[in-house]
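Reading through the C-alpha cells given below for one structure.
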Amino acid sequence: MSSSIEEIKNRIDIVEFIGSYLRLQKAGVNFKAPCPFHNEKTPSFVVSPARQIWHCFGCAKGGDIFRFLMEIEGLDFPEALRALADRAGIELKREDSSLRTERNRQISMLEEAASFFEANLQKESTPLDYLTKRGVQKETIKEWRIGFASNEWENLAKHLSSKGFNGEEIERAGLAIKSQASAQSRTAEARYYDRFRGRIMFPIFDYQGRVVAFGGRMYPDRENEAKYINSPETALYQKSKILYGLDKAKTHVLKSGACVIVEGYMDTIMSWQAGVKNVIASSGTALSLDQLKILRRLCEKIVAAFDMDIAGQAATKRGIEIALKDGFNVSVIDLGDVKDPADAVVKSPNIWTKAIDSARHIVQFYIDTAIQKYKADTPMGKREIETNVIPVIASLTSDLEKAHWVKELGNLLNIQEQIIWGIIGRLQNKQTFETTAPEASLSVRLRSRKELLEERVLAMLIKSPKLLEEPGIVLNSAFFSDKREPVFRLLKDGKIETDDALKNYISRLILEADLFLESVLDANLEFKKWCSELEKEYLKEEMAHISGRIQVAEKNNEASIPELLQKFSNISNRLSKL
C-alpha cells in the first residue's frame, strides 16, 4: 500500500490539487492563501511545490495531499486514499477491510442508482421529450447524468438488492422508505419501496464529483404531490454543505473570481449549456454558513439570481448578510419579465449573459426595491429603507463602501448622514451584544513567542548546521521545550537526516526557513538575534519558575530561601545583559 501512496503523490501535484479548493497566490517559490481551517485576514497557509507539503503558520495544521483532503472534506485515511487513487487513475492492488466502510458502500450504491436512472431515461420517450422541449441538449443530459425513476413501487429497490445491497442500507442511503406495515410488525419480513417514483432524476454531487443524493422532479405532474423532492440527509449528504453543480463549476469559479448562484437544477444546467459555467444552485434554500465557507475559498464575488423579495425571504436575507460580513461582494441579477435563468437561456442565451453583466450591487437592489414599493420622501418609504436597507449596509466589511452607500441614502432621503451612521452604530452594537458564542474555527491555539523562536532557530540550523559554530552563538538543550529538544540534539550530533520519525516535521521547518529567508537581508545576523531572543524567553521562564519556588519556601519557612534568591538574582543579571 505504501508504494500506491507514493505513486499517488507523484502523480498529483499538490499545488494543482489544493488550488482546486483555494485561491492560491504565488509567493516567491511557494504559494499562499487564507487558511481554510481558521479565520484570518493575512494569509498564513503556505503550499510548497518543491516539497509537496502544505502548512498553516497560524493554526499549525499541515501535511501532504492526504492530510489536506482529510481535513477539508472530513474523511478518514482510507476514504482519502480511495478518492485520491481515483483522481490519479491508480488501482489499489490490495483493498484493506477498513476501506469497505458503510460510506463507501453508500457511494457505490448511489452510483449504481444514478446509472440505473440514466438507463431508464433512455427507455422513456415522454420524459426525454419534456427535457428536449425545455431546451436541454442530449450532450447536456449525458454530462449532468439526468435520469428517470419509473412510477413503480420497488423498481430501484429490487435492482439494488440484485447488486448485493440490503433493504436497510438502501433506506439509509435515502433511496427507499420502509413500509408502515413492516415498521409496525416485528415478525413480518421488512418491505421497502422506492422513495422516487415517476420523477425526472437529477444526481446531486459532492465537491469531488461523487453522487451523494438525488433531486426528483415530478413527471408527469400529479395533484397533491410536491413538484420537487430531495434525498433526506444521510451520512454522505448534508444539505447545508452541498451546492449543486459546484463539482463542475469550481475551476470556473476560481478562474473568474465570481460565483453565479441560481435556485434550481434546471437553472444551473441550462446556464452551463449556455456557456456560463461558474454557476451553482442553492437548491431553493438560503445560503448556509458552511456553503459560504466553501465558496470563500474559491471567490470573493457572488452574483445571485434567486428571489430576494425585500419584504420576505428572511432566511435568504440572513444568508446574504452573512456573506457580506464575510467580505463577499454581492450583486443581484434582474431578469425582468423572464421567469428564471432556464427560461432566459431558452429564449436567448444573450438575455442570461447580459443580465449577469448588468447585475446590481445588493444595496442598490434593495434601495431600488424599497422605492418601487414606497416613495423615498414619505415616512413609510424611509421606514422601509431603515428596516431593510440599512442593516445590509451595516453588514458591509469595507468602511469606504459603507460611506458610499450612507452618502447615497442621505441624498436619496434628504437627511443628514450622521443619522444613518447612528442607526448603523446601534445595529452593530446590538449584533456584538447578541454574539455570545465564538466561532469554532477561532478556537485555535496559536504558538507562543518562545515556540515560534525555537522553531525559527531549528529551521535555520537545519538549512545551515554550521551556524552553530558561528562566534557569539549561545545555544544549549535547556533553551528548548521537550518537543523540540530532541531535534536540537540530533542537529548537534549531525544525525537529523537519518530520523524518519521527524521527516514531516523537518520538512515543515525547512519550509518556514525558506519563507523567512525570502524577506531577510542578512540571515546570519537574523539568526543571532533569534538565538538571543530565545535565551531571553528561556531565562524569563526560569525566573518565573524560581519565583514560584521562593513563594512556597517562604510559606513553609524553608532553609533554601537564600539559595533560591541568589539564583533569581543571577538570572536577572544575566537577562539584563542580553
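Show me the helices (runs of 4 or more DSSP H) entirely contained within the range 123-231 in which 2 or more residues are of a type in the set (Ser, Thr, Tyr).
125-133, 155-162
If Asp309 meets every condition in (1) at pLDDT below 85; (2) under 21 Å from the mean Cα position of the chain (by Cα) apart from one, which number is that one?
(2)
Name, by its number, the condition in (1) assigned to a loop (DSSP other than H, G, I, E, B); (2) modelled with pLDDT under 95 that does not hold for Val276.
Every condition holds for Val276 apart from (2).
Please work out if Met266 is modelled with pLDDT under 85 and on the phi < 0 side of the Ramachandran plot.
So Met266 fails the test.
Specify the residue that is least open to solvent (accessible area, probe 1.4 Å); the eligible residues are those in the range 354-391 that are in contact with a helix residue (DSSP H, G or I) (Cβ under 6 Å, 6 or more places away or on another chain) and among the hydroxyl-bearing types (Ser, Thr, Tyr).
Selected residue: Tyr366.
Considering only residues that are open to solvent by less than 20 Å² (accessible area, probe 1.4 Å) and free of Cβ contacts under 8 Å to residues at least 60 places away in the same chain, which ones fall in the range 135-145?
If the condition is that a residue be open to solvent by less than 20 Å² (accessible area, probe 1.4 Å) and free of Cβ contacts under 8 Å to residues at least 60 places away in the same chain, then Ile141 is the only one that fits.
Can you tell me which residue within the range 392-414, out of those that are in contact (Cβ under 8 Å) with a residue 24 or more places away in the chain, within 17 Å of Ile320 (Cβ to Cβ) and buried (at least 18 other Cβ atoms within 10 Å of the Cβ), is farthest from the chain's Cα centre (by Cα)?
Trp405
Give me a count of the residues in the range 425-468 that are outside any helix (DSSP H, G or I), within 27 Å of Ser481 (Cβ to Cβ), modelled with pLDDT under 50 and not hydrophobic (A, V, I, L, M, F, W, C).
Residues meeting the conditions: 2.
Hey, among Leu539, Leu515, Leu491, which residue is out of contact with any helix residue (DSSP H, G or I) (no Cβ under 8 Å at 6 or more places or on another chain), open to solvent by less than 40 Å² (accessible area, probe 1.4 Å) and in contact (Cβ under 8 Å) with a residue 12 or more places away in the chain?
On inspection, the qualifying residue turns out to be Leu515.
Within the range 527-578, restricting attention to residues that are at pLDDT 85 or above and acidic (Asp, Glu), which residue is nearest to Ser448 (Cα to Cα)?
Going through the qualifying residues, I end up with Glu537.
Which pairs turn up if I take residues in the range 40-62 that are in a loop (DSSP other than H, G, I, E, B) and look for partners that are open to solvent by 50 Å² or more (accessible area, probe 1.4 Å) and not charged (D, E, K, R) with beta carbon separation below 6 Å, at least 6 apart in sequence or on another chain?
Glu40/Pro34; Pro43/Pro34
The values are calculated or read from the model by the stated rules, or taken from the named source; none is laboratory data. Only a predicted model underlies this, so the values are computations on that prediction, with no experimental measurement involved. Because the Cβ atoms are built from the backbone with ideal geometry, glycine has one as well, and the counts that use them run over all protein chains shown. Just the protein is used for accessible areas: all its heavy atoms, side chains included, with ligands, DNA and RNA removed. Shrake-Rupley method; radii C 1.70, N 1.55, O 1.52, S 1.80 Å.
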